[in-house]
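The values are calculated or read from the model by the stated rules, or taken from the named source; none is laboratory data. From a predicted model like this one, the values you see are computed outputs, not experimental measurements. Here the Cβ positions follow ideal geometry from the backbone for every residue, glycine too, while neighbour counts run over all protein chains shown.
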Amino acid sequence: MESTPGEAVKGAGFPARRMRRLRRTPALRRLVAETTLGVDDLVAPLFVRAGVEDRVPIASMPGHFQHSTASLVVEAKRLASLGIPGIVLFGIPAEKDGVGFGAWDPDGVVQVALAELRSALGDTMVLIADLCLDEYTDHGHCGVLTPEGTVDNDATLELYQRVALAQADAGADVVAPSGMMDGQVGAIRRALDGAGHSDIAVLAYAAKFASGLYGPFREAVDVTITGGGDRRSYQEDPRNGREALAEVALDIAEGADMVMVKPGEAGHRLSRRDRRGGGPCGCPVGRLPRER
């Protein structure tokens, strides 16, 4: 009697475990999915500008705006209604100077916006504050400069501590240092804990690679680096994956609650390597407008 197709392979030795069993229906596939991306995983970047009455379109980021404080609150409420759990806030001050005083001024644009958002939203949305000086300095670098024009790492850490305290006082749930200064997480953690803000989390831009993809964001925050310079002396070299993992490990050891890798295209590969190494904290990936 002639066997039907497939009967010959069902005898002894055929695997008892069939991998396709759990792929049979959409519901089964959803149940056993190892990796999912949903609204709960998203954080929206928002930009707030001092001295404007209404939102200002950002030419390099169609559909995005530099907000007034009032329009920022409206947009945050809209995002919350869509289920977005958090926003990360970037500020554009009315004036800039050599040290970035507006970044920690209690009446600075981000501090005022944080207080308004906290009042309007309560604890329904996580408020993350980008912690850097480049939006506030007249030279466009992420720290204060030496007389020779290089970024002074350790002097910058003292200012980052001031910024962290101002943001925490204003209502931030999370501060997110993005300047890639050595020791920034430890300095910020010590300042927060010493001022009674031990519950405020630190999201470290632990491996922020130097890249031309930041162009739209720099336009969004009105940042231009004096003299056509760049940030390659402190941002991560995109050729160095092992060094980037060392940056991540250092930030975790200094007390980071979450670490970010950016840009996203390089970052998602690095975050997989970090997770394989048993990374103990969350590892968000920051995608940029020019990434597709």
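Among the helices (runs of 4 or more DSSP H) contained in the range 120-224, which hold 1 or more residues that are farther than 18 Å from residue 91 by Cβ and modelled with pLDDT of 95 or more?
Numbers: elements: 153-170, 184-194, 215-220.
By residue number, 153-170, 184-194.
Filter the range 149-179 down to residues that are within 23 Å of residue 227 (Cα to Cα) and among the β-branched types (Val, Ile, Thr) and give me whichever is surrounded by the most Cβ atoms within 10 Å (Cβ to Cβ).
So the residue we want is 156.
What's the number of the only condition in (1) assigned to a helix (DSSP H, G or I); (2) touching a His at 6+ places or on another chain (Cβ under 9 Å); (3) surrounded by 13 or more Cβ atoms within 10 Å (Cβ to Cβ) that residue 227 fails to meet?
Of everything listed in (1) assigned to a helix (DSSP H, G or I); (2) touching a His at 6+ places or on another chain (Cβ under 9 Å); (3) surrounded by 13 or more Cβ atoms within 10 Å (Cβ to Cβ), residue 227 misses just condition (3).
When residues of the range 81-119 are filtered for being under 23 Å from residue 199 (Cα atoms), part of a strand (DSSP E or B) and among the β-branched types (Val, Ile, Thr), how many remain?
2
Output the residues belonging to the range 230-252 that are among the small types (Gly, Ala, Ser), closer than 18 Å to residue 184 by Cβ and not in a loop (DSSP other than H, G, I, E, B).
Hits for the range 230-252 are 244, 246, 249.
On the given criteria, is residue 100 buried (at least 18 other Cβ atoms within 10 Å of the Cβ), touching a residue at least 24 places away in the same chain (Cβ under 8 Å) and at positive phi? Show your work before the answer.
Numbers: buried (at least 18 other Cβ atoms within 10 Å of the Cβ): yes; touching a residue at least 24 places away in the same chain (Cβ under 8 Å): yes; at positive phi: yes.
Spelling it out, residue 100 is indeed buried (at least 18 other Cβ atoms within 10 Å of the Cβ), touching a residue at least 24 places away in the same chain (Cβ under 8 Å) and at positive phi.
Tell me which residues, restricted to the range 76-100, are over 19 Å from the mean Cα position of the chain (by Cα) and either within 20 Å of residue 176 (Cβ to Cβ) or among the aliphatic types (A, V, I, L, M) (or both).
First, pick out the residues of the range 76-100 that are over 19 Å from the mean Cα position of the chain (by Cα): 77-78, 81-82, 93-100.
Once the filter is applied, which keeps residues that are over 19 Å from the mean Cα position of the chain (by Cα) and either within 20 Å of residue 176 (Cβ to Cβ) or among the aliphatic types (A, V, I, L, M) (or both), the range 76-100 yields 82, 93, 94, 99, 100.
Each row is one residue, and each column tells you yes or no for (1) among the hydroxyl-bearing types (Ser, Thr, Tyr); (2) surrounded by 10 or more Cβ atoms within 10 Å (Cβ to Cβ); (3) under 24 Å from residue 260 (Cα atoms).
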residue: 26; (1), (2), (3): no, no, no
residue: 29; (1), (2), (3): no, yes, no
residue: 37; (1), (2), (3): no, no, yes
residue: 48; (1), (2), (3): no, yes, yes
residue: 56; (1), (2), (3): no, yes, no
residue: 63; (1), (2), (3): no, no, no
residue: 81; (1), (2), (3): yes, no, no
residue: 86; (1), (2), (3): no, yes, yes
